[in-house]
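Student: Could you have a look at this structure, given as structure tokens, before my questions?
The values are calculated or read from the model by the stated rules, or taken from the named source; none is laboratory data. On a predicted model such as this, the values are computed, not experimentally measured, just so you know. No Cβ is skipped: glycine too gets one built from the backbone with ideal geometry, and neighbour counts run over all protein chains shown. The protein model used for the area step is the full one, side chains on, heavy atoms only, and it has no ligands, DNA or RNA in it. Shrake-Rupley method; radii C 1.70, N 1.55, O 1.52, S 1.80 Å.
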Amino acid sequence: QVQLVDSGGGLVQPGGSLRLSCAASGSIFRINTMGWFRQAPGKERELVATITSGASTNYADSVKGRFTISRDNAKNTVYLQMNSLKPEDTAVYYCNAEVVVQPLYLTYPYWGQGTQVTVSS
């Protein structure tokens, strides 16, 4: 069993910053790609950013230059530094990880429970 716990959301004014964290625990052999997705009310869940085990990153066009994804492989943790936040960034943010699970060494996707980010004055 694997658990992802994400945290760090909150209320911030436009132009402000937040840092999200997501820690994975459980029967983990290795974590491949980790990422962040978000879902605003009435909209579909969308990709925000991903990072491979080799630290290659990918960003949605809407967040390029403002958000930075990083990971600490020793802690099985992924971060999302969000700067210059806009009201349209308001959403529930979910972390995602592709985990190679012990003891069978099969790969499964896991999701965090979500953390609310609200950008408003």
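Student: Between residue 86 and residue 3, with labels modelled 7 Å along Cα→Cβ, what's the label distance in nm to one decimal, could you check?
Tutor: It is 3.7 nm.
Student: Taking the Cα-to-Cβ direction at residue 53 and at residue 40 and moving 7 Å from each Cα, how far apart do the two end points lie in nm?
Tutor: 3.5
Student: Could you do me a favour and compute the accessible area per residue for the range 35-121, 1.4 Å probe, result in Å²?
Tutor: I get 53 Å² per residue for the range 35-121.
Student: Follow-up. Considering every Cα-Cα pair within the range 69-121, what fraction, in whole percent, is farther apart than 13 Å?
Tutor: The proportion of pairs with Cα distances above 13 Å equals 71 percent.
Student: Further question on the same structure: Where the Cα atoms of the range 10-100 are projected onto their three principal axes, how long is each span, largest first, in whole Å?
Tutor: The principal-axis extents, from largest down, are 39, 25, 23 Å.
Student: First compute the accessible area of the range 22-88 with a 1.4 Å probe, then give the percent of it belonging to carbon and sulfur atoms.
Tutor: Carbon plus sulfur share of accessible area: 46 percent.
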